[in-house]
Structure formats: structure tokens, C-alpha cells
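Visitor: Before I ask anything, let me first share the structure, which is written out below as C-alpha cells.
The values are calculated or read from the model by the stated rules, or taken from the named source; none is laboratory data. Quantities reported herein were computed from a predicted structural model and do not represent experimental measurements. We place every Cβ from the backbone using ideal geometry, glycine too, and count neighbours over all the protein chains shown. Quick note on the areas: whole protein, heavy atoms, side chains included, nothing else; ligands and nucleic acids left out. Shrake-Rupley method; radii C 1.70, N 1.55, O 1.52, S 1.80 Å.
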Amino acid sequence: MATNQGFKSFVPKADEVDPDFLYHWLCAKRSYLEGLGNGATFKEVSKAVVSRVEIALPPVDEQRRIAFILDKASAIRRKRNEVVALTEAFLRSAFLEMFGDPVTNPRRLERRNLGSLIEVKSGDFLPAKAMGIGGRFAVYGGNGINGRHTEFMFEEPQIVIGRVGVYCGAVHRTEPRSWVTDNALYVAQMDQALTPSYLEHALRFADLNQYAGQSAQPLISGGRIYPVEILVPPLDEQRRFENAERTQQRLRVHAGEGLV
């Protein structure tokens with residue numbers, strides 16, 4: 001293999017560091033390492049900065065034992081992700097079956113622009129190095145959960161939309177008691193004609209990334225997405241979709257328990 005100048009390559013000393021152990025350690029410290037980056041256009045972690053990072057190393061045999069356990073955990077996680085993908089496909093099919101294709105609108109459902117249905121606001125700035133140690137509240141950016149904090153912004157689940165970068169336009173629903181960073185927008189107000197479950201999936205079908213500004217890096221705002229139209233089915237049909245989503249969640253939990 002080969003890497004270019006955009007990579008910092010770690011070459012472990014065989015008698016001191018097990019490569020699998022180092023891999024898992026780096027994965028666990030991703031948010032911390034990202035927080036060390038500097039740069040205006042894009043963040044970069046220099047060789048000098050990486051060289052100063054300290055790692056606690058148990059004996060190599062112990063490292064291998066830890067890496068073996070973590071490899072098994074990763075395998076279980078991959079299986080769970082496969083289950084999630086299958087249940088997401090089920091829900092996507094249920095959405096299309098109940099409401100039809102949002103583009104062609106074969107059922108002739110009412111269309112309304114997002115500006116008449118929701119208000120979005122930007123989350124609050126929270127760098128990785130400012131996240132409280134041992135925090136248990138999920139921190140959401142454009143790519144979903146990217147850390148944990150000792151404080152939270154919202155008591156109830158929120159619908160968030162990636163605001164900037166490669167995950168611009170990605171849609172997530174947060175856990176209860178969460179923080180939303182300024183890399184994402186959140187739905188601050190929602191018309192009573194919508195249920196949160198339906199809105200979340202309607203936004204995903206809207207493919208909001210296509211409305212991003214094409215500057216140095218993609219960026220969306222309320223002004224860019226408010227003209228976008230979505231279908232607004234009757235509330236009783238949206239609630240039926242919520243029931244389908246609950247079924248999906250039960251399937252996911254059941255499958256996850258079977259992988260433990």
C-alpha cells in the first residue's frame with residue numbers, strides 16, 4: 001500500500017506496540033485527535049502535533065488480548081449495523097408504499113414548502129476538547145453522534161440536519177438529552193400538520209444536500225432549504241407511519257439482543 005501527503009502513517013515497533021491495539025486506541029481517540037487540528041480552509045493535524053500525543057501502553061501480550069476482545073466487539077457492531085440497514089430499508093419501503101414517490105406524488109397529496117412548516121436554527125459551538133470527560137449526553141454534528149458531554153441543550157429528541165461539509169444535508173433524530181453543535185441545524189419549530197417521525201423521513205427523501213452552496217465547502221441554511229417542498233399527508237396516515245417506525249425499532253432491539 002501507499003499513502004500520500006494527506007496522511008500521517010503510524011508504523012508500530014513490533015516489540016512495543018501491537019498494530020491492532022494501536023488501531024483501536026486511535027479509533028477511540030478520534031474526537032480528541034480531530035480537536036488537535038489547525039487550519040482555516042480545512043483542519044490538519046501536523047506530524048509535530050501527532051508526535052506529542054501520549055499513549056499508555058500495557059505489555060504487548062496484554063495489548064494483543066485487549067485487541068482480540070475489541071475485534072470481537074467490532075464484529076458484533078458490524079452485524080448490528082447490517083441489521084440497522086435492513087430495518088431502514090423496511091421503513092423506506094413503508095414510506096413509499098404509504099405516501100408514494102415524493103417527486104411524482106402519485107396520490108396527489110398536498111405540497112407545502114418547508115418555510116411554511118418549520119423553523120431551523122444552528123446548534124451551539126462545542127469543540128471536542130471542551131467536551132466534559134466522562135460525559136453521558138450525546139453530542140450531534142452533521143454526521144450524527146460525534147462525542148459525549150457532561151451537559152445537554154435539549155431535554156427532548158430533536159431533528160437535526162447537517163449544516164456544513166461532507167455531511168451537509170444529512171438528517172438525524174437525537175437521543176433525549178442531547179447537544180447539537182454548530183455543524184448542524186435543528187428544527188426549532190414545527191407546524192402541527194406534521195409528526196416528528198414523518199418530518200424526519202420526508203427530509204431524508206428531500207435530499208437536502210443538493211441545495212447546498214457550492215463554495216469552498218458545502219453549506220446549507222434555512223434560507224436555502226425553506227423553498228423546498230415536501231408532501232403533507234393527513235395526520236392519521238402520518239401516525240400509521242409512526243406505528244411502522246415503532247415496529248422497526250422493536251425489530252432492531254430484538255436483533256441487537258440476539259447478537260450479544
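Visitor: Do you know which residues across the range 53-64 are under 31 Å from the mean Cα position of the chain (by Cα) and either of a type in the set (K, R) or open to solvent by 90 Å² or more (accessible area, probe 1.4 Å) (or both)?
Guide: Of everything in the range 53-64, those that are under 31 Å from the mean Cα position of the chain (by Cα) and either of a type in the set (K, R) or open to solvent by 90 Å² or more (accessible area, probe 1.4 Å) (or both) turn out to be E54, R64.
Visitor: Here is a further query. Give the residues of the range 51-72 that are free of Cβ contacts under 8 Å to residues at least 24 places away in the same chain, within 20 Å of Y32 (Cβ to Cβ) and assigned to a helix (DSSP H, G or I), sorted by residue number.
Guide: Of everything in the range 51-72, those that are free of Cβ contacts under 8 Å to residues at least 24 places away in the same chain, within 20 Å of Y32 (Cβ to Cβ) and assigned to a helix (DSSP H, G or I) turn out to be S51, R52.
Visitor: Hey, could you check the range 17-46 for residues that are out of contact with any helix residue (DSSP H, G or I) (no Cβ under 6 Å at 6 or more places or on another chain) and among the polar types (S, T, N, Q) and say which is surrounded by the most Cβ atoms within 10 Å (Cβ to Cβ)?
Guide: Ranking the qualifying residues of the range 17-46, first place goes to S46.
Visitor: Report yes if G135 is out of contact with any Leu (no Cβ under 7 Å at 6 or more places or on another chain), open to solvent by less than 30 Å² (accessible area, probe 1.4 Å), in a strand (DSSP E or B) and over 25 Å from F241 (Cβ atoms), otherwise no.
Guide: no
Visitor: I'm told Q192 meets every condition in (1) among the polar types (S, T, N, Q); (2) assigned to a loop (DSSP other than H, G, I, E, B); (3) farther than 27 Å from F99 by Cα except one. Can you identify the failing condition by its number?
Guide: (3)
Visitor: Kindly indicate whether T195 is farther than 30 Å from L36 by Cα, open to solvent by less than 60 Å² (accessible area, probe 1.4 Å), in contact with an Asp or Glu (Cβ under 8 Å, 6 or more places away or on another chain) and of a type outside the set (A, V, I, L, M, F, W, C).
Guide: Judged against the criteria, T195 is a match.
Visitor: I would also like to ask the following. Tell me which of these A48 doesn't satisfy, since it passes every other one: (1) closer than 29 Å to V164 by Cα; (2) at pLDDT 85 or above; (3) within 22 Å of the chain's Cα centre (by Cα).
Guide: (3)
Visitor: How many residues, within the range 138-160, are open to solvent by 70 Å² or more (accessible area, probe 1.4 Å) and in a strand (DSSP E or B)?
Guide: Selection size over the range 138-160: 2.
Visitor: If I go through the range 75-85 residue by residue, how many of them are surrounded by 14 or more Cβ atoms within 10 Å (Cβ to Cβ) and either free of Cβ contacts under 8 Å to residues at least 40 places away in the same chain or in contact with a Cys (Cβ under 9 Å, 6 or more places away or on another chain) (or both)?
Guide: Within the range 75-85, residues that are surrounded by 14 or more Cβ atoms within 10 Å (Cβ to Cβ) and either free of Cβ contacts under 8 Å to residues at least 40 places away in the same chain or in contact with a Cys (Cβ under 9 Å, 6 or more places away or on another chain) (or both) number 0.
Visitor: Do we have any residue at all in the range 228-244 that's open to solvent by 10 Å² or more (accessible area, probe 1.4 Å), over 30 Å from P127 (Cα atoms), aliphatic (A, V, I, L, M) and modelled with pLDDT under 95?
Guide: yes
Visitor: Considering the range 94-132 alone, what residues qualify as being small (G, A, S), open to solvent by less than 20 Å² (accessible area, probe 1.4 Å) and assigned to a helix (DSSP H, G or I)?
Guide: If the condition is that a residue be small (G, A, S), open to solvent by less than 20 Å² (accessible area, probe 1.4 Å) and assigned to a helix (DSSP H, G or I), then A94 is the only one that fits.
Visitor: Sort out which residues of the range 161-178 are open to solvent by 30 Å² or more (accessible area, probe 1.4 Å), out of contact with any helix residue (DSSP H, G or I) (no Cβ under 6 Å at 6 or more places or on another chain) and assigned to a strand (DSSP E or B), and write them in order of number.
Guide: Those that are open to solvent by 30 Å² or more (accessible area, probe 1.4 Å), out of contact with any helix residue (DSSP H, G or I) (no Cβ under 6 Å at 6 or more places or on another chain) and assigned to a strand (DSSP E or B): V164, H172.
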